[in-house]
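Right, one structure below, let's go through it.
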Amino acid sequence: MGLRFEELDWRSTPMGDLVLRRRWDPVFGADVHEIKLGDEFLMSSMFTSAEVEMARLALAESGDEPVDVAVGGLGLGFTAQAVLEHAAVSSLLVVEAMPEVIEWHERGLIPAGTELSADPRCRFVHGDFFALTDSAAGLDAEEAGRRFHAVLVDIDHSPRHLLHDSHAGFYSAEGLRRLVRFLHPGGTFALWSNDPPDAWFSAVLGQVFPEVRAEIVVVLDLDGALHAELAAAVQRECG
């Protein structure tokens, strides 16, 4: 049995205090890892179904040809792990704004970190995903203008509930068109959201992508009660 509560690391960042902690959950019967920023929970290993499902949906139609994937937001690594489980993935670039989170993975403080760091297909990049999509060079500093077959984003709580106001421009039609520059024709953009499907944002997506759909992932706790509803929206660019 793990400790009831253990703070694994604490850092002061421009966005607030960043904390990685581990606690023993007697109902779950396992250690639970959590990342907090200030008073907000960014990620918990208890509830990862939506992140995993987003990756599955994004890559479901990729076929057997090698695919290059970019993920915005590392967190506890569940999205990245799910991407790497897809046999066709030849490379994965994970963009994370907080170097502390990358360090936690590389040090093995986060369970997924050992696996991700050892996989030759996976590379962590310290950077602001939103600023990089606005730039001319794009997401990969080693290859300016690099395109991906799929770009997955798991950063903000939802397009309406942002971790920082500077992210707002990404969720406009203009912001999404800037992202499209770094998608291969026929590529997929997928977004995790903690809110149910949003008619406003679906309409914005429809201005940029010819195919837009949302999938609701219902998360239940161990007693069978509804814990949350999370939406994974998947869009495909014109081929």
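With N the number of residues in region 1-147, Rg(Cα) / (2.2 N^0.38 Å) evaluates to 1.09.
Quick check: residue separation of W24 and S44 times 0.36 nm, minus the Cα distance between them. What number comes out in nm? Walk me through the numbers before you get to the answer.
On the way: separation 20, 0.36 × 20 = 7.20 nm, distance 1.25 nm.
Net length gain for the segment: 6.0 nm.
Potential lengthening of the chain between D165 and S135 amounts to 9.0 nm, from the contour at 0.36 nm per residue minus the alpha-carbon distance.
Less than 15 Å from a label point 7 Å out along the Cα-to-Cβ axis of T114: which backbone N atoms in region 85-101 qualify, by residue? Backbone N within reach: none found.
In percent, how large is the relative contact order of region 70-215, given Cα pairs closer than 8 Å and 6 or more residues apart? The partial results should precede the final answer.
Working: 213 pairs, mean separation 30.6, N = 146.
Value for region 70-215: 21 percent.
Charge tally around L93: other residues with Cβ under 13 Å, Lys/Arg +1 each, Asp/Glu -1 each, net -2.
Top mean-square fluctuation among P197, P14, P120, Gaussian network model of the chain, C-alpha springs under 10 Å? Between P197, P14, P120, it is P14 that shows the largest mean-square fluctuation. Rolling a 1.4 Å probe over the protein heavy atoms gives the chain an accessible area of 46 Å² per residue.
Leaving ligands and nucleic acids out of the surface, order W10, W104 by accessible area at 1.4 Å, largest first. Before the final figure, lay out the partial values.
Numbers: W10 125, W104 0 Å².
I get W10, W104, largest accessible area first.
On region 1-145, 51 percent of the accessible area sits on carbon and sulfur atoms, based on a 1.4 Å probe. With viscosity 1.002 mPa s and temperature 20 °C, the Kirkwood radius over alpha carbon pairs of region 36-93 converts through Stokes-Einstein to a diffusion coefficient of 175 µm²/s. Evaluated at q = 0.15 Å⁻¹, a Debye calculation over the C-alpha positions of region 89-166 (equal weights, vacuum) places log10 I(q)/I(0) at -0.60. Which of these, A136, A199, A55, has the largest mean-square fluctuation under a Gaussian network model of the chain (Cα springs below 10 Å)? Comparing A136, A199, A55 in the GNM, the peak value goes to A199.
The values are calculated or read from the model by the stated rules, or taken from the named source; none is laboratory data. Since the structure is predicted, the reported quantities are computational estimates derived from the model, not experimental observations. All Cβ positions, glycine included, derive from the backbone under ideal geometry; neighbour counts span all protein chains shown. Only protein heavy atoms, including side chains, enter the accessible area calculation; ligands, DNA and RNA are left aside. Shrake-Rupley method; radii C 1.70, N 1.55, O 1.52, S 1.80 Å.
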